[in-house]
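Read through the structure below, which is laid out as structure tokens, and then see the notes.
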Amino acid sequence: MTNLDKNVEDQIEAIVEKYQKEDNKLLNYLITDDEITFFSSINNGKKITAEDLQKVAEVLNGTFEGFEIINQEYRFKFKMNL
């Protein structure tokens, strides 16, 4: 399993933490090739604004590809420029 650099994780957490409930702040993601998907439970948070999704894309040096709701969670997809 591949993980992001701790510094990158910290930057992304700083952007998205305001969308998560106080007692349940987690950064869940899956990296597949040049794509990364972040998962956020609908019960634990809110949908992230387009502006903040763009900030996450900049931290990843990539582009925001879109989001969907599957199995009671938001899934935000980004394409990373490797």
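The values are calculated or read from the model by the stated rules, or taken from the named source; none is laboratory data. Since the model is a prediction, treat every value here as computed from it, not as a measurement. Note: ideal-geometry Cβ built from the backbone for every residue, glycine included; neighbour counts use all protein chains shown. Note: accessible area is taken over every heavy atom of the protein model, side chains too, but ligands, DNA and RNA are not part of it. Shrake-Rupley method; radii C 1.70, N 1.55, O 1.52, S 1.80 Å.
So the values come out like this:
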quantity: Solvent-accessible surface (1.4 angstrom probe) belonging to Tyr29, in square angstrom, nearest 10; calculated: 30 Å²
quantity: Where the chain is the region considered: accessible area per residue in Å², 1.4 Å probe; calculated: 65 Å²
quantity: Percent carbon-and-sulfur accessible area, the chain, ignoring ligands, DNA and RNA, probe 1.4 Å; calculated: 45 percent
quantity: Assigned charges on the beta-carbon of Lys, Arg, Asp, Glu; the stretch 6-80 dipole about Cα centre (debye); calculated: 200 debye
quantity: The stretch 3-82: GluC sites (Glu not before Pro) in DSSP loop, at most 13 other beta carbons within 10 Å; calculated: Glu22
quantity: Computed over the stretch 6-80: relative contact order in percent, which uses C-alpha pairs under 8 Å that are six or more apart; calculated: 32 percent
quantity: Lys/Arg +1, Asp/Glu -1 at C-beta; the chain dipole; positive extreme among Ile15, Met80, Leu60; calculated: Ile15
quantity: P(r) tail fraction, the stretch 6-80 - alpha-carbon pairs more than 14 Å apart, %; calculated: 58 percent
quantity: Helix-derived mean residue ellipticity, 222 nm - over the chain, DSSP H n ≥ 4, -39500 (n - 2.57), to 500; calculated: -7500 deg cm²/dmol
quantity: Under 11 Å, Cβ to Cβ, from Glu65 - net charge with Lys/Arg +1 and Asp/Glu -1; calculated: 0
quantity: For the stretch 61-77, Karplus couplings with θ = phi - 60° (6.51, -1.76, 1.60), whole Hz, Gly/Pro x; calculated: 6, x, 10, 7, 9, x, 9, 8, 10, 9, 6, 6, 9, 7, 10, 9, 10
quantity: On Cα atoms only, tilt of 50-59 relative to the major axis of the chain in degrees; calculated: 40 degrees
